[in-house]
1. Taking only the stretch 228-260 into account, find how many residues are surrounded by 12 or more Cβ atoms within 10 Å (Cβ to Cβ) and either under 20 Å from PRO168 (Cβ atoms) or free of Cβ contacts under 8 Å to residues at least 40 places away in the same chain (or both).
2. Quick test for you: out of PRO218, PRO232, PRO199, pick the one residue that is over 29 Å from GLN167 (Cβ atoms) and not basic (Lys, Arg).
3. If you check HIS129 against the conditions, is it more than 18 Å from the chain's Cα centre (by Cα) and over 24 Å from LYS239 (Cα atoms)?
4. Just to check your reading of the model, which residue among ALA42, ALA149 is on the phi < 0 side of the Ramachandran plot, hydrophobic (A, V, I, L, M, F, W, C), part of a helix (DSSP H, G or I) and loosely packed, with under 14 Cβ neighbours inside 10 Å?
5. Take the residues in the stretch 83-98 that are of a type outside the set (Asp, Glu) and surrounded by fewer than 19 Cβ atoms within 10 Å (Cβ to Cβ); name whichever of them is farthest from ASP61 (Cα to Cα).
6. Within the stretch 159-199, which residues are charged (D, E, K, R), over 19 Å from VAL98 (Cβ atoms) and within 13 Å of the chain's Cα centre (by Cα)?
7. Quickly run through the stretch 75-116 and pick out the residues that are hydroxyl-bearing (Ser, Thr, Tyr) and without any contact (Cβ under 8 Å) to a residue 60 or more places away in the chain.
8. Got a number for residues in the stretch 165-193 being in a strand (DSSP E or B) and of a type outside the set (Phe, Trp, Tyr)?
Amino acid sequence: MATALARRASQNRAVARAVRGPQNLYAAIRGYRYGAGLAASAPEDGQPSLSEAHALEAYFDAHEEGPGIWKWRHYFEIYERHLAKFVGHDVHVVEIGVFGGGSLPMWRTYFGERSRIYGVDREPACRIHEAPGIEIFIGDQGSPTFWDAFRANVPRVDVVIDDGGHQPHQQIATLEALLPHIRPGGVYICEDVHGSFQPFHSYVDGLSRSLHVVDGAPVGLHHHVKSVHVYPGLVVIEKPRGRPPAFEAPKRGNDWRPFC
């Protein structure tokens, strides 16, 4: 990858400046040091807690028997922030990483009877978790060949939740295979992006750079990515519902003193 990036940089002056420019490296180091050095602060009295119970968290806490569910608690508020719009609709959800199998019926209950849940795992025994509205696919999430077959069998995807192998090469392969396949307005979630220097985090940083290219017509990325949200251990990508907007900066008013 480094060789390919260097070759591209030699062919594109803007990329060359971004890759080789010391200002970019300095800014990244400065931002990391600033963020790592911020002191913790106590919430003000009366400020609502982000851990207030939501539907998914309530389901999780009430689930004391049956197939296992293993989730970071702070994920629930994030799930609902980005996924609540699909509740009650005909939504097609892919979760990579079946494991105990308990999250599949959790999603089915949360989204409702009109939802369709697809679980992906490399362990064939996970098929025991198939149920009405829940289908299991067996394969390697790091394999483009597997995703080719999956897309042929599942032509519609609205939500992807990657809770699979958690290895950067698997996360990258999954995103590249499914992001263009997700329907407009859909959501891509990658869980367990742990550590300040996890390569998938760097990948997403590079991926999102073109979102800031707004000095002309929308680029290809604008047709697939509306926004990128980075949370502790979790990355969310939202897709645009329609064509990306025209990037314009009109002026209003007629008095610009003291500048003109």
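1. Residues meeting the conditions: 11.
2. PRO218
3. For HIS129, the condition - more than 18 Å from the chain's Cα centre (by Cα) and over 24 Å from LYS239 (Cα atoms) - is met.
4. That would be ALA149, the only listed residue that is on the phi < 0 side of the Ramachandran plot, hydrophobic (A, V, I, L, M, F, W, C), part of a helix (DSSP H, G or I) and loosely packed, with under 14 Cβ neighbours inside 10 Å.
5. Filtering first and then ranking leaves HIS89.
6. GLU176
7. THR109, TYR110, SER115
8. Residues meeting the conditions: 9.
The values are calculated or read from the model by the stated rules, or taken from the named source; none is laboratory data. Keep in mind the model is a prediction, meaning the values are calculated, not measured. Glycine also receives a Cβ, built like all others from the backbone with ideal geometry; neighbour counts cover every protein chain displayed.
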